[in-house]
1. Can you compute the modelled spin-label distance between residue 206 and residue 66, with each label point 7 Å from Cα toward Cβ, in nm?
2. Work out how much length residue 114 to residue 154 would gain on full extension: take 0.36 nm times their residue separation and subtract the Cα-Cα distance, in nm to one decimal.
3. So how tilted is helix 17-33 from the main axis of the chain? Cα-based, degrees 0 to 90, rounded to 10.
4. Take residue 94, project a point 7 Å from its Cα along the Cβ direction, then tell me which residues of region 120-139 have their backbone nitrogen under 19 Å from it.
5. Kirkwood hydrodynamic radius (Cα pairs, Å) of region 108-224?
6. Tell me the mean residue ellipticity at 222 nm calculated for the chain from its helices only (DSSP H runs of n ≥ 4, each -39500 (n - 2.57), averaged over every residue, nearest 500).
7. Say each of residue 76 and residue 48 gets a label point 7 Å from the Cα, pointing the same way as Cα to Cβ; how far apart are those two points in nm?
8. Between 131, 179, 48, find the one with the highest GNM mean-square fluctuation for the chain; connect C-alpha pairs within less than 10 Å.
């Protein structure tokens, strides 16, 4: 018996720690469903702060401006680190020096997805930023990540030089906002139902099952 196909559009920013957590939880949810459903995942771009300059700003300043004082920042980090530990994500916020503008990182994700490497790209960029403290405004860092996951260095360099997909990424981010998406991650199931936040694998898998059951009933005329 063939498995029912379902598409998931997952709206993320690669500097969102809850998106990293959400990805790991989604991976677990897919493991729960793979015997029944043929799931395809497409990562869609979002920016937590589109006002950041291309070179980014010091992350300490960014966090203090956002949360007000070092104690509050520490509380936020501790909460995220506790959840990350459960998922095998050793967040290393102390290593991160730059809060980047993520347009170029999203370009890498798009080019990777065209080659069937979207999952690898997202995982690598999350790891670079949150585990290694890499500067995602650095073209050298991004090109090295692209090559590491299997993209062609020369092609990536040409696309960077030509500004490929800069405007289309911005348009897609604007479209996400027009849909009412104000926070990420946001998982859109079969183009019709959105699950906001880094939900647990059980919540995600149940939501996907329910949506696909509704689609199945609709396509079958509602007969049991």
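What follows draws every value from the coordinates through simple rules; no lab data is involved. Bear in mind the structure is a predicted one, so any value in this text is a computation, not a measurement. Please note: Cβ atoms are built from the backbone with ideal geometry, for glycine as well, and neighbour counts cover all protein chains shown.
1. Here the modelled spin labels are 3.0 nm apart.
2. Value of the extension gain: 12.8 nm.
3. 30 degrees
4. Label zone hits: 128-135.
5. For region 108-224, inverting the mean 1/r across all distinct Cα pairs yields 16.9 Å.
6. Here the helix-only value at 222 nm equals -17500 deg cm²/dmol.
7. With each label point 7 Å from Cα toward Cβ, the separation is 0.7 nm.
8. 179
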